[in-house]
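Participant: Here you go, one structure.
The values are calculated or read from the model by the stated rules, or taken from the named source; none is laboratory data. Please read all numbers here as calculations on a predicted model, not as lab measurements. With ideal geometry, Cβ positions are generated from the backbone for all residues, glycine too; neighbour counts draw on all protein chains shown. Ligands, DNA and RNA are stripped out before the accessible areas are found, and what is left, the full protein with its side chains, is counted by its heavy atoms. Shrake-Rupley method; radii C 1.70, N 1.55, O 1.52, S 1.80 Å.
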Amino acid sequence: MSDHQKRIAGEAAAERVKAGMVVGLGTGSTAAWFVKALAARGLAGLRCVPTSEATADLARELGLTLSSLEDSPRIDLTVDGADEIGPGLALIKGGGAALLREKLVWEASERCIVIADAAKVVETLGAFPLPIEVVAFGHKTTGNRIADVLLDHDIQMPARVRTADRGLVRTDGGNLIYDAACKAIHEPARLADDLKLITGVVEHGLFLDLADEAIVGTDAGVEVIGP
Ligand code: 5RP
């Protein structure tokens, strides 16, 4: 059912794209529905800036014209998924380990639409573990510093480095991800600032004041949430 919700959200977002636009393509299963729907529209003159190698591969396969942030530094519209959508369209992103490129593309965008299934909408951010991208060099030390910051925010659980079958998960940029099981983030802006001050932290998955609109798929159709 959530796949249907993701699909209709992606399809609704694709309707917002106009011919000739520079479009930021998000990462993840919901963003993939958007990419498919966008390709199906066959709009002329689109240039698409992908936020991950996986999205680039999909877009290329579907015949979309790819660009980069270097060649297209001003993006008209970015559409991307999220792991949680909180009040004021504050988001947690990075479940797919693409948060750094995603944030770079979002920040270069005139407008950002977040698309999601209904389960992603929450009253308080933090049930989904917050992804934090760190450089591999000295990452355990960085992890300890992250734990100190989390304690200062009354979050008792240290962040854990993300692993998969083949060992440590690497981002497209070769970095590592620490996931912080915050449970509840009561001061997202303060936490965002404090994490950014840690040497070795490249970026975190708190996307604050970036989304202009959310398109949420529900069993009854799509719901649009403004900022
Ligand atoms: C990738 C992301 C994704 O947008 C987020 O994890 C949501 O993924 P999905 O649409 O598969 O639920 O932030 O880094």
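Participant: Using a 10 angstrom cutoff on alpha carbons, build the Gaussian network for the chain and name the most mobile of 136, 98, 82.
Facilitator: Highest fluctuation of the listed residues: 136.
Participant: What residue among 155, 132, 75 shows peak mean-square fluctuation when the chain is described by a Gaussian network model with Cα springs under 10 Å?
Facilitator: 155
Participant: Hey, another quick one. Starting from the coordinates of the alpha-carbon atoms of the chain, obtain the Kirkwood hydrodynamic radius over all distinct pairs and give the value in Å to one decimal.
Facilitator: The Cα-based Kirkwood calculation yields 17.6 Å.
Participant: Could I ask something else about it? Is there a quick way to get the dipole size of the chain? I mean about its Cα centre, with the Cβ of Lys and Arg at +1 and of Asp and Glu at -1; what is the value in debye to the nearest 20?
Facilitator: Roughly 480 debye for the chain.
Participant: Of the trypsin sites (Lys or Arg not before Pro) in the range 93-126, which ones lie in a loop per DSSP and count no more than 10 other C-beta atoms within 10 Å?
Facilitator: Values: sites: 93, 101, 103, 111, 120; in loops: 93.
Answer by residue number: there is no such site.
Participant: Now for a separate question. How many Å² of accessible area per residue for the chain, probe 1.4 Å?
Facilitator: Dividing the accessible area of the chain by its residue count gives 47 Å².
Participant: Within 10 Å of each candidate Cβ there may be at most 11 other Cβ atoms; applying that plus a DSSP loop requirement, which GluC sites (Glu not before Pro) in the range 65-132 survive?
Facilitator: The qualifying sites are 70, 123.
Participant: Arrange the residues 4, 204, 153 by how much accessible surface each exposes, largest first, with a 1.4 angstrom probe.
Facilitator: Ranking 4, 204, 153 by accessible area, largest first, yields 4, 153, 204.
Participant: Less than 13 Å from a label point 7 Å out along the Cα-to-Cβ axis of residue 225: which backbone N atoms in the range 74-91 qualify, by residue?
Facilitator: 82-91
Participant: Give me the one-decimal nm value for the distance between modelled label points at residue 123 and residue 165, 7 Å along each residue's Cα-to-Cβ direction.
Facilitator: Here the modelled spin labels are 4.0 nm apart.
Participant: Pick out, from 30, 149, 67, the residue whose Cα sits farthest towards the positive end of the charge dipole of the chain, with +1 on the Cβ of Lys and Arg and -1 on the Cβ of Asp and Glu.
Facilitator: 67
Participant: Less than 25 Å apart at the alpha-carbon level, and either on another chain or at least 8 residues along: which lysines does that give for residue 93?
Facilitator: 6, 36, 103, 120, 140, 183, 196
Participant: Expressed in nm to one decimal, what extension gain is obtained for the pair residue 152 and residue 193 from 0.36 nm per residue of sequence separation less their Cα-Cα distance?
Facilitator: 13.5 nm
Participant: Just flag the trypsin sites (Lys or Arg not before Pro) in the range 137-227 sitting in loop per DSSP whose Cβ has no more than 10 other Cβ atoms within 10 Å.
Facilitator: Of the trypsin sites (Lys or Arg not before Pro), the ones in loops of the range 137-227 whose Cβ has at most 10 other Cβ atoms within 10 Å are 166.
Participant: Report in % the part of the accessible area of the range 81-227 that belongs to carbon and sulfur, leaving out ligands and nucleic acids; probe 1.4 Å. Mind showing how you got there, number by number?
Facilitator: Details: 3570 of 6990 Å².
Answer for the range 81-227 is 51 percent, counting heavy atoms of protein chains only.
Participant: Please state the shape class of the range 30-130: rounded when a/c is under 1.5, otherwise prolate if a/b exceeds b/c and oblate if not, all from the C-alpha gyration tensor. It would help to have the intermediate numbers written out before the result.
Facilitator: Working: a/c = 1.99, a/b = 1.71, b/c = 1.16.
Prolate shape, in that a/c is at least 1.5 and a/b is the bigger ratio.
Participant: Looking at the chain, send over the antiparallel percent of its DSSP beta bridges, to the nearest 5.
Facilitator: Working: 22 of 41 bridges.
That works out to approximately 55 percent antiparallel.
Participant: Answer rounded, prolate or oblate for the range 100-180, using the Cα gyration tensor with square roots of eigenvalues a ≥ b ≥ c: rounded when a/c is under 1.5, else prolate when a/b is larger than b/c, else oblate.
Facilitator: Because a/c hits 1.5 or more and a/b fails to exceed b/c, the range 100-180 counts as oblate.
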